[in-house]
Amino acid sequence: MSESEATVTRVATAAASSSPAHRQPWWRNAVIYEIYVRSFADGNGDGVGDLIGIRSRLDHLAELGVDAVWLSPFFASPMADGGYDVRDYRAVAPEFGTLDDFDALVADAHRLGIRVVIDVVPNHTSHEHPWFTEALAAGPGSPARDRYLFRPGRGSDGAEPPNNWESVFGGSAWTRVTEPDGRPGEWYLHLFAPEQPDLNWRNPEVQSEFRDVLRFWLDRGVDGIRIDVAHGLFKAEGLPDDTADREGILDTTPRPYWDQEEVHDVYRDWRALLDSYPGDRMAVAEAWLPTLERMSRYVRPDELHQAFNFAFLSTDFDPGAFREVIDATVRTLAEVNALPTWVLSNHDVVRHTTRYGGGEQGLRRARTAVLVMLALPGATYLYQGEELGLEQVTDLPDEVLQDPVWRRSGYTDRGRDGCRVPIPWDGDQPPFGFGERSWLPVPEAWRTRTVAAQTTDPDSTLRMYQQALGVRRVLGGSARLDWLDTPDTVLGFRTDSGLVCTANMGTDPVEINVPGELLVSTQQVHVSGVTTVLPPESAAWWRA
Ligand code: GLC
Ligand code: CA
């Protein structure tokens, strides 16, 4: 056997013994790609992304090498919050397509080996949901009102909201309704926009309805669910006043409306439901929580499979801070026998290229951080466009902004539209192959960032992601890491699957011992002899 044959055999054997396909459920070490449906690809020329658009671009995801996609809500909705306000949980919004389009998308994705995760929004419905219409008509004390959180107001004529809770999007979390007799009446709770009334999860009908909604989609073949505002379903008994100040949308202070104990019973119930289906159906929690310990409670063995690690997402680009959050995450989750779920960007936060400083430095750091993230044990979520190194668009004109945060903040917070700008695919005129037009303008400067432009550039961010995901298929799948002895500004670790990651997070070049065979790097690394120099703000992967 030649030396190269021997190497191939070794890699293949390692893959066979550590590959998730052999012993582990698919989601354990999966790379899951978030598609924000209205901004991915427009298949019918109306300027809004849709399901047929996604189908037409699945080859990009196959070439990228992701294991699954998570689709943002595509259900029937008046779109007060981009579809996170659902009118009918079993119907596809006409602007996104039809149920047949969805079935065809799932079939195409599955043929390519890509699983499909959908977004379930259980904390609130749309104000246009039939239940809410019914509740308004039925009046105080009715069973229809009990599906939501209606309360009389405070003050002599009930003109003050029932408590001091504020909406995540700004303003009071309560809106007063006009009763069927025309008089000002009760108030209803909405932790988000007034168009998103919160459900009463202590009502058994609410619980059984969502079980049924889950079955509807699981029966259609979806592989998993992302649970929107997973920590919000229950509110403290008696709806007591909130005593701490709000810190904005990503606030993590303990609150009477977040992270109540009863929520875990729902997830135990959902877990049993998911487990009753073949094929390792999974659930991931979106839960912004004050500590990793609180987060770990959502992924106890009989609860959900994953919970986004927002502590990692919120960490500055700093070697000490990275090491600390990585250690704390792995350790805290090991206590409940779970692996971490890493994420750097999503449709709610400023893109990480921009968070890390923007421009060339932001991109350098983003590439470094993603190689670190993709080497870590557990699963990873990517957000559409990060594989192109896209930045937050910070200069969208006021009149195109659609995020309810803009209006609800009294036009002080520009909201999240800047990370939701449509994806540039090809061509040299905006919107660069997204469609004929686009619901948000695509920057001219993205001409060099299109998928087509980056495919032919060997040093592009896209090519780096493709390479890294290719290596990860063979050498990923790890469950633990060991830190290497490296200089302060360098993060170095080896995983139990034989991958070594070295990241120089400082602004000076650093010499290190060559830890193995170079596999991928964010910048040119020259290896000759036993030491090598890591360029500033760069990372490399090695085969141990
Ligand atoms: C989640 C979603 C966000 C939405 C909110 C209300 O945080 O990710 O986009 O606005 O829930 O549904
Ligand atoms: Ca469209």
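Annotations
- The trypsin sites (Lys or Arg not before Pro) of region 414-484 include none that meets both criteria, a DSSP state outside H, G, I, E and B (loop) and at most 11 other C-beta atoms within 10 angstrom of the site's C-beta.
- Helix 99-111 vs. the chain, principal-axis angle (Cα, 0 to 90°, nearest 10): 20
- With the charge dipole of the chain set up from +1 on Lys and Arg Cβ and -1 on Asp and Glu Cβ about the Cα centre, the Cα lying farthest toward the positive end among the listed residues Ala287, Gly47, Ser142 is that of Ala287.
- Net dipole in debye of region 22-150 [+1 Lys, Arg Cβ; -1 Asp, Glu Cβ; about Cα centre; nearest 20]: 520
- Rotationally averaged projected area of region 102-239 (alpha carbon convex hull; nm²): 9.6
- With eigenvalues of the C-alpha gyration tensor scaled by 5 and rooted, region 383-526, Å: 37, 20, 14
- For the chain, averaging the sequence separation of C-alpha pairs within contact (under 8 Å, six or more residues apart) and dividing by the residue count gives a relative contact order of 13 percent.
- Qualifying chymotrypsin sites (Phe, Trp or Tyr not before Pro) for region 343-437 [loop in DSSP, other Cβ within 10 Å: at most 15]: Tyr411
- Net charge dipole size for the chain [Lys, Arg +1 and Asp, Glu -1 on Cβ; Debye, nearest 20]: 1020
- DSSP finds beta bridges in the chain, and of those with both partners inside it, around 60 percent are antiparallel.
- Cβ-based charge dipole, region 289-440, positive-most Cα from Leu344, Phe310, Gln429: Phe310
- The slack in the chain from Arg202 to Thr412, taken as 0.36 nm per residue of separation less the alpha-carbon distance, amounts to 72.0 nm.
- Degrees, to the nearest 10: 461-475 long Cα axis against longest axis of the chain: 80
- Only helices enter the 222 nm calculation for the chain: every DSSP H run of n ≥ 4 contributes -39,500 (n - 2.57), and dividing by all residues gives -8500 deg cm²/dmol, rounded to 500.
- Debye-sum result for region 270-348 in log10 I(q)/I(0), which assumes one identical scatterer on each alpha carbon, at q = 0.15, 0.19, 0.22, 0.27 Å⁻¹: -0.54, -0.80, -1.00, -1.31
- Compared with the dominant Cα axis of the chain, that is its longest principal axis, helix 3-18 is turned about 30°.
- Residue order for Ser538, Ser77, fewest other beta carbons within 10 angstrom first, comes to Ser538, Ser77.
- Anisotropy class of region 156-236 from Cα gyration tensor, a/c 1.5 cut: prolate
- Evaluated at q = 0.16 Å⁻¹: base-10 log I(q)/I(0), Debye formula over Cα of region 308-411: -0.76
- Overall, the anisotropy analysis places region 203-326 in the oblate class: the square-rooted eigenvalues a ≥ b ≥ c of its C-alpha gyration tensor yield a/c not less than 1.5, with a/b not exceeding b/c.
- Region 72-143 - convex hull of the alpha-carbon atoms, volume per residue in Å³: 100
- The Rg/Rh ratio for region 416-460, using Cα coordinates for both the radius of gyration and the Kirkwood hydrodynamic radius, is 0.98.
- Once you reduce region 181-204 and region 426-456 to the center of their Cα atoms, the two points are 42 Å from each other.
- If you wrap region 310-370 in the convex hull of its Cα atoms and look at it from every side, the mean projected area works out to 4.2 nm².
- Using only side-chain charges placed at the Cβ, +1 for Lys and Arg and -1 for Asp and Glu, the dipole size of region 370-504 relative to its Cα centre rounds to 420 debye.
- An oblate overall shape is assigned to region 444-496, the ratio a/c of its alpha-carbon gyration tensor axes (a ≥ b ≥ c) being 1.5 or greater and a/b not exceeding b/c.
- Relative contact order of region 168-240, defined on C-alpha pairs under 8 angstrom at six or more residues apart (%): 20
- Mean shadow area of the chain, taken as a quarter of the surface of its Cα convex hull (nm²): 25.7
- Gain on full extension, evaluated as 0.36 nm per residue between Glu134 and Asp496 minus their Cα-Cα distance, stands at 124.7 nm.
- Förster radius 22 Å - calculated FRET efficiency between Asp459 and Val533, Cβ distance, rounded to 0.05: 0.75
Bear in mind these aren't lab numbers, they're just calculated from the coordinates by the rules spelled out. Just so we're clear, the structure is a prediction, and the values are computed from it rather than from any experiment. We place every Cβ from the backbone using ideal geometry, glycine too, and count neighbours over all the protein chains shown.
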